[in-house]
Amino acid sequence: MTSAMNNLVIPVGEEGRARALSEFLAKLLELGVVDAMVVPVMPVPGVITYLMAKDPELIRQRAEPFASVMPVNGASPVARAVSKKPRGRIGVLLKPCEIRALVELVKLKQAEADNLFVIGIDCVGTVDREEYKEAYSDTSRLQFRDACRVCLNPNPPDTAFPGINIGHIGLDDESGLLASLSPELDPGIAGVIEELGFERGDVLAGKRQGVLATLKEERNDAYREFLQKAHAELDGEGIEGVAKLLAACIGCRNCRVACPVCYCRECIFDGDVFDYETRQILGRAGRKGGLKIPGETLLYHLTRMNHMSLSCVACGMCEDACPVNIKLFQLFAGVARRTQGLLQYVPGRSQEDQLPFTTFREDELEPR
Amino acid sequence: MKLSREVIHTEDKRKLQDISGEEILSCYQCGKCSAGCAMTSAMDLLPHQVIRLLQLGQVQEALDSKTIWVCASCLACSARCPRGMSLPNVMESLRSTFLRPGDRCLNPAEIPYELLEIVPEQALVAAFRKYT
Amino acid sequence: MKIGVFICHCGLNIGGVVDIPKVLEALSGYDSLGHVTDYRYMCSDPGQQLIKDAIRDKGLTGVVVAACSPAMHESTFRRTTEAASLNPFRCEMANIREQCSWPHRGEPEKATQKALEIIKASVEKVRKNQELSPLSIPVTRQALVIGGGIAGMQAALDIADAGYNVALVERLPYIGGHMAQLSETFPTLDCSQCILTPKSSEVGSHPNIDLFTNSEIHAISGYVGNFDVVIRRKAAYVNWDVCNGCGLCMEKCPVKTDSDFELRLAKTKAVSIAFPQAVPNRPVINSEVCRHFTQGKCGVCEKVCPVGAINFRQEDAIIDRKVGAVVVATGYDLHPKTRVGEYGYGVAKDVIDGLEFERLNSASGPTQGEIRRPSDGKIPKEVVFIQCVGSRDQENGYPYCSKICCMYTAKHARLYKHKVPDGQPYVFYMDIRAGGKGYEEFVQRATEEEGVLYLRGRVSRVFEEDGKIVVFGVDTLSNKKVEIHADMVVLATAIVPAHGQTELARLLKISTDEWGFLSEAHPKLRPVESLTRGIYIAGCAQAPKDIPDSVTQAGSAAAKVLALFSSDTLSHTPEVAVVDEEICRGCGLCVEVCAYDARTLDMRRNLAVVNEVLCEGCGACQVACPSGATCQRNMDTAQVMSMIDAVI
Amino acid sequence: MVYSYFPGCTLRAKAKGFESSTLASCEVLGVCLEELEEWQCCGATFPLQIDNSFPLVSPTRTLASAKKAGRELVTLCSACLNVLKRTNHVIREDLDKREKVCAFIEEDYSGEVEVLHFLEILRDEIGFEALARKVVAPLSGLPVAAYYGCLLLRPPEEVGIDDPEAPKVLEDFLLALGCDPVDYPYKTECCGSYVVLQPGEPAMSPSRLVVESAKSRGAKVIVTSCPLCQFNLDYAQSGSVERGENAVPVVYFTQLLAAALGFGEEILQFDGHIVPPGLIFQSVGVGGCGGLT
């Protein structure tokens, strides 16, 4: 894949890689490649949010493209911003899991991909918001979140959007940053970018392959270990295990809000479907001896799992959002891995992959 | 078994149909005759198998069979045959084919004396009719 | 809400397993039940009266009939409810027969508990049922019949005779289908042509039938009462409106080619009319072999045509029609014999199939009806007929019985014996299936009177040796292996759907079975309807069948069409999907899963929309919709949850 | 009631009791059986070849002789009934054969005579109710199995004196005598007939099946109207008698009739029977059994 990409090198000067990349992004805005650019910025020390900028200077000065924190999965605000086709072209700088969530939302017709210009960027991992706020200036002290420690996709998918991917894993400031232009990128845009006069980066692309592969291997081992641990905690207990895991749930539904692929305007759990009449609740409590209050938390999580596990991009935002620290990522990661494996579906890989269950193959559940 | 027009349509078979008055091909081999035959324990071929051999032109094989001599002409088969075929007629014709040249199946001298003493005359008359 | 529960014993079907008194007792304290009772046969008149009386006397506002499957009697009891002035959609059936007493015959206690739960669930559903009224759809009173074989012709004639316009579309240049190729027909041995040609000409000249031969269905959309059809009439390169069918072109054409009509037994010309009695009696130029098209020269036909009808520049014509109903009667093909290599078809010239034997028998066929074998024209004295070639053969062909082979083989053997009295026909068979009127007698005559020798067993191998066709078989009745050195072998090959039927079915959005035969809505009770309303099926397109059955089914399909045409509007069940526009997010999952094309996305409003007429109420969209924006009327998620709640 | 009477070969030799019991009973019942002046053996089997009319000669002579007597012809033996009736049928239906046979015997006969079995006289002329009234020594409670065999019933359209698959004339007869008829499935199965003369006695196997079936349903006596059936069923039990096992006597239906009408052993004549019937009559303790006690 990489060989088919048009690889260029963005040189990193003394001001460091963040400013070098910001400069590149600002250039794209100036050159009219995009009409607006969405980037992470730090409005308050230690706090990162997304900013949609039309002024290139704002980007040059304030963009934090390498910030190792993810306050929200970027796919959510981006999709909301472009739920209708925008008039101009909008550039967005997104991490791999954000891009993959965005692909899922496009497939679910929750985002209009046509005028989006997606710039993906490598991500070695992010840390908890609070931790980041306290220690953002010294990143070496930070611990990656569970989801990031076992993330198998540190670099953005090549096939998701016809944009640019920025690579830095395996590269130091001396060698510069790698900008890979998608082969499907509009030739006009590609031409404009090439006129910036960057050197060819094919060697650089080759150089970092080994590092990426090793990283993925490590992550894979970590993932397996993580799942084993999760299984050890859950398995053998069936639904009882799940119920135990979710016992603390207070039904706040924050996980749903934080989930980038949970897209319904009104969740079925907010409707009157589960508004049981007292008669029914009492009846059931009578039959079973007792009912958990608030009820339906288990059903809520199972339904969400049923709806979303195939599109789950393992960003871990649900777990971050949980006020009672339920290990939701652990649950979702394990289930999603199985359901996605069963139906051979890789969420966020490409817009071409069809969502399972919108298609049907007679043999799809046969053991392979 | 090689089948051909010559094998199926033999003189013997034609004669057999003349003697019995039965159209051998009218049998559709349902097997009801064999199912109700009281004498099958002493038969080597079941009655319907004899008919099948005749349909295929295998008259000699039918003649070689014990079955035709064990048939007691009780008519249980023909009374119930859905095709109205009289198997006893066919059996008798097969016996005739054997007997008419002068052969016999029962030698009076071989009947045990003790049996001869007690057996009703009717049996003797009938047996000599059928077997000689 | 005052709900009445009516429990049917269905004789002993339910009453013999489920402890009904116990169920009645258990229900007596159940919330807001206005009336609970049982009866031996609830569907009988007195049973229905029981319901009507209870509705009136007790002021019931909902009814649950615990009996058989709703497929059986839902409409019955809804009519009953309506007759008692209660909205029929306030009546639901609790299926305690098919889903309870039948499968749990051996465990009455569990069945009783389950019946109770099913009834309670239905009560919960009815509690939330809305009062609905049927939807109304306009009807275009014109029909489309696809396929001009005997079934299609019959359907077209029956509809046309009733006064409605019919478009009859046939792929070949002539109508009549395979029946036109047959010599005589069982069990009466009357000549196929004699009974077919009058019908063909009637179709050809009927004022209400628009005949489109040499045509195919290009596209179809819409729904019952309102289909939009696009017919593609293939170029014949002859202007049929001008042509008078004189045949001079055919006579003078210098190019000979295999005749499809005569199978591989005779030649025809590049411009040809398939057979002399063809309707319409108009020639078609085969552009694949015509010298004008292949080499750019010749054009003799154009020169000799007295009326100037030849038109080499003719193009396919596209015709749009609006119809209210469709009858699909696309017929059959024979199983490709190359898949039964052991029978030597295609290697030994004198191994032929049943249709080819029909042509040999036909007075208008390549041998003028004399039985002459293809290799040397000699009259065969020993002919072996092999049945079940590809049929009833799970491994190498099809598991089903092709139904007509037993009869046509008996017919072939008899016709052969009539024409070659000193010849010997042999028939290898597995069972003889002669289940029609006069059929068994027909076969018995073959064996008893015509001397056809039936051998029970499958042939294993056929090969050519010294001008003979050697057949290895067995007679399982005598337990003897059989070898016949025959002069000719006729294979009764399996019937398969006509080529292209699967594609057509996809176009029509009707389903097929795994072999490509069209699926009927119900094998017993709705045998001529497809699952798509307004599309009916007839003839071998549905399953192998003989001429009487095809004609019967065609007539029945026509009757269904006429029933549809009996009114300007149709009613459609209101129990279809609805979308809550406040909740729908426009994700389109429902569009993807809808098997009936009843869902579309309104791009402007970013909402899913339901075409209520196309919706069959299957519920797939409701399952797919994550937010619960979609639901079936009277089967919304809250109802389902209440039903589940009643059970667990 | 006067009838012509055809005794046949066996009744004058090995089955004397059949005839003596019948003739004695007839006197009580007011039936007169007038023996034909001229009669020949019927041939015991009806010829099944259609190309050979010779075996029809003898029975036709008998029938022609009955025609002269001018009465209906009665037989006792099932085989005689079968052959005479079938011959009569052929003579009536097949003109060619009639001509041929009549020319040979120089008689003019075209099937005028009605051939009847004695059971038909009892059933249709006297009537079983009337018969019951004549019974002086009822065989009350005696479980009897009626054995029809083949010749009384088949072929049904030519011979059958009753329903070929579910006959009941013998049972009705037994009821009239006060017996308990035993129903059993083998009553119309073949006994093996003349095959008894084949080496190896292949006929014994079907006979044993009949006897065992009757025994299993509780029969103490079997009745028949065919001397060959009587012999086969009796003979099949000879081993049992020797071994002292429980055996069922096989008697002619007229022997029971005569017993019920009060006749003694001199009339019943059980001489040739292998399983001795007298003992059974005693053992079941049938009261007032005339000469049987």
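Out of the total accessible area of the protein assembly as shown (probe 1.4 Å, heavy atoms of protein only), what percent is carbon and sulfur?
Solvent-exposed carbon and sulfur of the protein assembly as shown make up 50 percent of the total.
Enter the accessible area of residue B:14 (Å², nearest 10), with the probe set to 1.4 Å and all protein chains included.
110
Among the residues of the range B:93-112, which ones have their accessible area go down by 30 Å² or more when all the protein chains sit together, as opposed to their chain alone (1.4 Å probe)?
Correct list: B:100, B:106.
Keeping all protein chains in place and using 1.4 angstrom, which order do C:100, B:74 fall into by accessible surface area, from largest down?
Output order, biggest surface exposure first: B:74, C:100.
Can you list the DSSP H helices in chain A whose Cα atoms extend at least 20 Å along the helix axis and whose mean Kyte-Doolittle hydropathy is -1.0 or higher?
Membrane-span-like by this rule: A:202-234, A:328-342.
Could you tell me which trypsin sites (Lys or Arg not before Pro) in the range C:519-561 are loop residues by DSSP with no more than 12 other beta carbons within 10 angstrom of their beta carbon?
C:524
Percent of Cα-Cα pairs per 5 Å bin, from 0 to the last occupied bin, for the range C:576-632, please list those.
P(r) over the range C:576-632, rounded to whole percents: 4, 25, 38, 23, 8, 0.
Of all trypsin sites (Lys or Arg not before Pro) in the range B:57-86, which ones are in loop regions per DSSP and have a Cβ with at most 15 other Cβ atoms within 10 Å?
B:66
What total accessible surface area, summed over both chains, is buried at the interface between chains B and D, computed with a 1.4 Å probe and given in Å² to the nearest 100?
Buried area between the two chains comes out at roughly 3600 Å².
Tell me what chain A gives for mean residue ellipticity at 222 nm when only DSSP H runs of n ≥ 4 count, each as -39,500 (n - 2.57), the sum divided by the residue total, rounded to 500 deg cm²/dmol.
After summing the helix terms and dividing by the residues of chain A, the value is -12000 deg cm²/dmol.
Can you give the accessible area of residue D:38 in Å² (nearest 10), computed on protein heavy atoms with a 1.4 Å probe?
Roll a 1.4 Å probe over it and residue D:38 shows about 130 Å².
Just to compare against my own numbers: the Cα pair-distance distribution for the protein assembly as shown, 10 Å bins, whole % per bin, please.
1, 6, 10, 11, 11, 12, 13, 12, 9, 6, 4, 3, 2, 1, 0, 0
Between the range A:244-311 and the range D:33-97, what is the separation of their alpha carbon centroids in Å?
Cα centres, the range A:244-311 to the range D:33-97: 99 Å.
In the range A:50-141, what trypsin sites (Lys or Arg not before Pro) fall in a loop by DSSP, with at most 15 other Cβ atoms inside 10 Å?
Here the trypsin sites (Lys or Arg not before Pro) that fit, given the DSSP loop and packing criteria, are A:54, A:84, A:87.
Which translational diffusion coefficient, to the nearest whole µm²/s, is obtained for chain A from the Stokes-Einstein equation, given a Kirkwood hydrodynamic radius over C-alpha pairs, 4 °C and 1.567 mPa s?
It diffuses with D of about 59 µm²/s by this estimate.
Report, largest value first, the span of the C-alpha coordinates of chain C along each principal axis, in whole Å.
Result for chain C: principal-axis Cα extents of 89, 66, 42 Å.
Report Rg(Cα)/(2.2 N^0.38 Å) for the range D:136-292, keeping two decimals.
0.99
What total accessible area, in Å², is buried where chains A and C meet, using a 1.4 Å probe and rounding to the nearest 100?
Roughly 2300 Å².
Given the options D:74, D:90, D:275, which has the most mean-square fluctuation in a GNM of chain D, springs set between C-alpha atoms less than 10 angstrom apart?
Of the options given, D:90 has the highest mean-square fluctuation.
Determine the distance separating the Cα centre of the range C:566-636 from the Cα centre of the range C:488-520; give it in Å without decimals.
After rounding, the separation between the Cα centres reads 32 Å.
Hey, how many Å between the Cα centroid of the range B:49-122 and the Cα centroid of the range C:524-542?
Taking the Cα centre of the range C:524-542 as reference, the centre of the range B:49-122 is 58 Å away.
If you average over every viewing direction, what projected area does the convex hull of the Cα atoms of the range C:3-127 give, in nm²?
6.3
Viscosity 1.306 mPa s, temperature 10 °C: Stokes-Einstein D of chain D from its Kirkwood Cα radius, in µm² per second?
Value of D from the Cα-based Kirkwood radius: 82 µm²/s.
Mind checking the per residue accessible area of the protein assembly as shown for me, 1.4 Å probe, whole number of Å²?
42
Given the DSSP H assignment, sum -39500 (n - 2.57) over each helix run of at least 4 residues in chain C and divide by its residue total; what's the result at 222 nm in deg cm²/dmol, nearest 500?
Taking each H run of at least 4 residues, the total per residue is -8500 deg cm²/dmol.
Once you sort the root eigenvalues of the Cα gyration tensor of the range C:248-304 as a ≥ b ≥ c, which label holds: rounded (a/c under 1.5), prolate (a/b larger than b/c) or oblate (the other case)?
oblate
Let me cross-check residue C:462: its accessible surface, 1.4 Å probe, with only protein heavy atoms counted, in Å² to the nearest 10?
10
If you take the square roots of the eigenvalues of the alpha-carbon gyration tensor of the range A:237-342 and sort them as a ≥ b ≥ c, do you get rounded (a/c under 1.5), prolate (a/b over b/c) or oblate?
Prolate, since a/c reaches 1.5 and a/b exceeds b/c.
How far is helix D:95-105 tilted, in degrees, relative to the longest principal axis of the Cα atoms in chain D, given as a value from 0 to 90 rounded to the nearest 10?
With rounding to tens, the tilt is 90 degrees.
When the solvent-accessible surface of protein heavy atoms is calculated with a 1.4 angstrom probe, in what order do D:209, C:86 fall, highest first?
Order by accessible area, largest first: D:209, C:86.
DSSP beta bridges in the range A:2-218, what fraction antiparallel, as a percent rounded to 5?
Antiparallel bridges make up about 60 percent of those DSSP assigns within the range A:2-218.
Of all the C-alpha pairs in the range C:425-584, what % are more than 28 Å from each other?
50
Classify the range C:333-496 from the C-alpha gyration tensor, please: rounded if a/c falls under 1.5, else prolate or oblate depending on whether a/b exceeds b/c.
Since a/c stays below 1.5, the shape of the range C:333-496 is classed as rounded.
The values are calculated or read from the model by the stated rules, or taken from the named source; none is laboratory data. Since we're looking at a predicted model, the values are computed, not measured. No Cβ is skipped: glycine too gets one built from the backbone with ideal geometry, and neighbour counts run over all protein chains shown. Accessible surface is based on the protein model in full, side chains and every heavy atom, while ligands, DNA and RNA are left aside. Shrake-Rupley method; radii C 1.70, N 1.55, O 1.52, S 1.80 Å.
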